[in-house]
Each structure stands twice: as C-alpha cells, then as structure tokens.
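Novice: Supplied in structure tokens, the structure appears directly below.
All of the numbers you see were taken from the coordinates with simple rules; none came from a lab. Here the structure is a predicted model, which means the values were calculated and not measured. Heads up, the Cβs are rebuilt from the backbone with ideal geometry, glycines too, and the neighbour counts pull from every protein chain shown.
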Amino acid sequence: MSQLPILSEEDVRTWFEEQIPQAEFAGKKILLVVPDQTRTAPMPLLFESLFKRLSPVAAKIDVIFALGTHPPISEELMCQLLGIDEQSRNTTYADVELINHEWDNPDALTTIGTLTTADTERISSGLLSQEVPIQINKRVHDYDLLLVMGPVFPHEVVGFSGGNKYFFPGIAGPKLLNFFHWLGALITNVGIIGVKGTPVREVVDLAAKSVPVERKAITFVVASNGTTDLHGIFYGTPENAWAEAADLSGQTHIKRMDKSFHTVLSCSPPMYDELWTAGKCMYKLEPVVADGGELIIYAPHLSEISVTHWETIEQIGYHCRDYFTEQWDKFKHFPWGVLGHSTHVRGAGTYENGVEKCRVKVTLASQVPKEVCESINLGYRDPASINIEDYANREDEGVLLVRKAGEQLYRLKE
C-alpha cells in the first residue's frame, strides 16, 4: 500500500483559502450536501474551513444530510458531526438550517426527469429494461448551487462512493435507488466494488444531469489507518472532483492480499449501528474469503438489522443473487434496494433445483438473537465468546483479523 502524505490541519485550511474560488459562490444560496455518521470524515475541520471561506460572499448556506434510506438524525447529532457547539450554533451558525433528507415522504420529493427504457437497457447491457423517474429532495429548488462535500471509498453498489452519489441516492427518492441497487446486485459486489467505471456510476451521473441547479463538489480521501487523516482534497464538478478522488482512493483503500482466508473476523466500528450499514464488513472482505470459508461480522454494539427495512428483510432473509433471480416472480414486488442489500451481505452463490449454495458462511456476532439470525439465513455467534486477539497475527494459518472493517477493500493480488 502506498505511503501517501497526510495533510495537516493547516494544510486543509490553506487548501480551502487557495482552491475554493469565492467568485463562484458570490451572492448565491448554497445547499451543502454532507454525509451522516456512517462515514469516516473530518467534517468539523472541513465544515469550519468551508464556512469561513464562503460565508462572507454567499447569500445563504444551509446543510442537508445525504441519508439515502438511513433513519433521520437529531439536530444534536447534526451539530456534533459538523463540529458546531451550543455557542456557535447561536452565533456563527445561527442562520444555517440543518435538514434531514426524507426519502420516504412523497411530499418532500420532486420529479426532475426520467431514465428512459432505452437508457436503462443501454446502461445495463440489457439486464434491466424499464422507465425510472428521477426524484430528488424538493428543497434543491430553494437554492442556486448544490455543493457536495463528502469522502470517496470503494463501494459495493457504485464502484467508488462520492460525487453525484450524494444526490442519488443521498437526497433522492426510492425508485431510482431501488433500480440501481438491484443493477449493482445483478453485476455482484465482487464484480463492481473498487471499479471506477461501472454501469451504476453511469446511472448516477446521468440522473445528475437532470438536477435543475448548479452542482459543485469537494471530495476527499481519508487515510487507510482508520482515522480522519486526509491524503487529498479535490474541488470541481461532481464528476471531475469524484474522478480524482476515486483514483486516490484506489491507491489508499485497496489492500491486495497474497492468498484467501478460511476465517475472517471483520470488526464493525460503532458508526455502523445496524446490519444495513455493518454489511460493509462483508462487502469489503468477500473477495478474500476462501470458498467454504466463514466471515464473522463482529459487532457487539449492534442490536438492529435495519430500523427502516426490517419488515422486508424479515420476509426475504439474506440470500445470494441467484436465489432471487431464479424465483423472480416470487420476489420482484419487494423493494429492489433491499433485495440488493440482501445479496451483498450474503455474497456469491448458486440456486439450483431448489437448493441454495452460498460460497461463504456469513455469521453475525452481535446483540441480535440467535433465532433471528437463523430466521434470516445468517449464522450466529455470541460476541462474548469471541476474543479478538485470538484471531490476530494468524494470516499464515488462513485467519484474518480486520479491526476496523467497512471502508478498506481487501482483494487478492492478480
């Protein structure tokens, strides 16, 4: 892995002073689009630096959290994520509106365009063929400029996260989200994660062209050491700023291993408080689990599968892609985004003659009870029975410990 330089706080502040052209924001109402608590990012430093640079010239700066389908967050957590304390909330940031995206509230959305059947057939190489409305949070109409500020990592659905993904699905409606999450599932996690040019990225970028407001982005790449240290920051159109960050993320966040492992202990950080997000502990490690091996998602803090999507997951469980595609009439009416999540967590496998054979055993070691895990087709381990250090320094034996999983992609060397 490349030893890339770390930017100091002073470097970051200087970057904003030198690289963010105030003239492009002068007199404009700006909606800043930022991640929630499920991404590692030095947001307090970045937000303070950005606000200091733009507030003297901008007419207004508000913030919307790109929740996708994640649950809404409290204003207290919003302020914490942005580094706003009680005093500055009432002074420096008194006029800043903090907004939760509402993906499931039709009244909060507006339709700005359509992906045509011809578009979806072309982009998916014929895997899918349908018309998809492009919906986004209607608050975008209240602003002159949308400014994304978020990190870029390898991503299981789109290849690399960030850029226009902060609009779709970040502040989008469910129909486009369901479409491209299922498209990603059909291509598979291993086939798409850490790949820069993907059909799903093409969907996201095409949808973004329908956004009726000027778009800019600040993208950044955090270090691979699990901290909020930065290797680089980029500014420009969402497409260009994302492309530069994705190249750097490819150097930073992909760890290439000599061989596969029969046992992987993938430790979920506290920022993943439900399996909906902690599934990343599987996505980023699936490529290095040996056939027939076991991946354990170790998350003793975790007590929920998904607050938002549990009702669907309870009905469908976790299965490989072919389990759904071979019984499509039975499952096609479920939200496709949840079907996609299911296949990504469960990984590759086959479904033939009514028998499902998954390549990897996926075990959840959390507060979720054994009977719930078994009912949704996951293995169970009591987290109290696991001593992390028992898994350390055993790579030669085929045992891999990842102490903060979910953002670093593990791949086999070519």
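Novice: Using the structure shown, list the pairs from Lys60/Lys175; Lys332/Lys361; Lys209/Lys255; Lys165/Lys370 with a Cα-Cα distance above 28 Å, or answer none.
Specialist: Beyond 28 Å: Lys60/Lys175; Lys209/Lys255; Lys165/Lys370.
Novice: R0 = 25 Å: FRET efficiency of Glu374 with Ala290, Cβ-based, nearest 0.05?
Specialist: My answer for the efficiency is 0.60.
Novice: Once you list every other residue whose beta carbon is under 12 Å from the beta carbon of Leu177, what net charge do they have if Lys and Arg are +1 and Asp and Glu are -1?
Specialist: Once all neighbours under 12 Å are counted, the net charge is +1.
Novice: I've got another one for you. With each run of n ≥ 4 DSSP H residues scored as -39500 (n - 2.57), what mean residue ellipticity at 222 nm is computed for the chain after dividing by its residue count and rounding to the nearest 500 deg cm²/dmol?
Specialist: For the chain, the value works out to -8000 deg cm²/dmol.
Novice: Take Lys361, Lys330 and order them by how many other Cβ atoms sit within 10 Å, fewest up front.
Specialist: Final ranking by Cβ density, sparse to dense: Lys330, Lys361.
Novice: Over what distance in Å are the Cα centres of the range 349-372 and the range 94-114 separated?
Specialist: 36 Å
Novice: Of [x] 20.1; [y] 18.5; [z] 22.4, which one was derived for mean projected area of the Cα convex hull in nm² from the structure shown?
Specialist: Comparing each candidate, only [x] matches the computed number.
Novice: Using alpha carbons only, how many degrees (0 to 90, rounded to 10) separate the axis of helix 336-346 from the longest principal axis of the chain?
Specialist: 50 degrees
Novice: Also: Non-local amide H neighbours of Glu97 (under 5 Å, H modeled in plane, Pro and chain starts lacking H): which ones?
Specialist: Val63
Novice: Identify the residues of the range 373-388 with backbone N under 13 Å of a label point that sits 7 angstrom from the Cα of His262 along the Cα-to-Cβ direction, or state none.
Specialist: none
Novice: Counting other C-beta atoms within 10 Å, which of Thr69, Thr227 has the fewest, and how do the rest follow?
Specialist: So the ranking, lowest neighbour count to highest, is Thr227, Thr69.
Novice: Sort out for me the Cα centre separation of the range 245-261 from the range 1-40, rounded to whole Å.
Specialist: So the separation of the two Cα centres works out to 24 Å.
Novice: Long-range amide H contacts for Gly349: which residues qualify at under 5 Å (H placed 1.01 Å from N, peptide plane, sequence gap of 5 or more or a different chain)?
Specialist: Under 5 Å from the amide H of Gly349: Arg321, Asp322, Arg359.
Novice: Got a sec to turn the phi values of the range 380-397 into Karplus ³J(HN,Hα) couplings, 6.51 cos²θ - 1.76 cosθ + 1.60 with θ = phi - 60°, whole Hz, x for Gly and Pro?
Specialist: 10, 9, 6, x, 5, 7, 10, 9, 3, 5, 5, 9, 7, 6, 10, 4, 5, 8
Novice: Also, quick follow-up: With θ taken as phi - 60° and the coefficients 6.51, -1.76 and 1.60, list the Karplus ³J(HN,Hα) couplings across the range 352-366 in order, rounded to whole Hz; mark glycine and proline as x.
Specialist: Whole-Hz 3J(HN,Hα) from phi for the range 352-366: 9, 6, x, 10, 9, 10, 8, 5, 10, 7, 10, 10, 9, 10, 8.
Novice: Another question, if that's okay. Can you list residues whose amide H is under 5 Å from Leu230's amide H, if they're 5+ apart or on another chain and H is modeled 1.01 Å from N?
Specialist: Amide H neighbours of Leu230, under 5 Å, 5+ apart: Leu7, Ala223.
Novice: Continuing with this model, one more query. Where does helix 174-187 land angle-wise versus the long Cα axis of the chain, in degrees 0 to 90, nearest 10?
Specialist: 50 degrees
Novice: Of Val289, Pro72, Val372, which is farthest towards the positive pole of the chain's charge dipole, taken about the Cα centre with +1 and -1 on the beta-carbons of Lys, Arg and Asp, Glu respectively?
Specialist: Val289
Novice: How big is the charge dipole of the range 257-412 about its Cα centre, in debye rounded to the nearest 20, if each Lys and Arg gets +1 on its Cβ and each Asp and Glu gets -1 on its Cβ?
Specialist: So the magnitude is around 300 debye.
Novice: Treat the count of other C-beta atoms within 10 Å as a stand-in for reagent exposure and order Val372, Val222, Val152, Val132 from fewest to most.
Specialist: Fewest-to-most ranking of Val372, Val222, Val152, Val132: Val372, Val132, Val222, Val152.
Novice: Rank by packing, highest mean first: peptides 78-86, 166-174, with packing defined as the count of other Cβ atoms within 10 Å averaged across residues.
Specialist: Those peptides, ordered most packed to least, come out 166-174, 78-86.
Novice: Helix 9-19: angle to the longest alpha-carbon principal axis of the chain, degrees 0 to 90, nearest 10?
Specialist: Taking Cα atoms only, the helix is inclined about 60 degrees.
Novice: Further, regarding this structure: Given R₀ = 60 Å, what would the calculated FRET efficiency be for Glu356 paired with Lys60, taking r from the Cβ atoms and rounding to 0.05?
Specialist: Efficiency, rounded to the nearest 0.05: 0.70.
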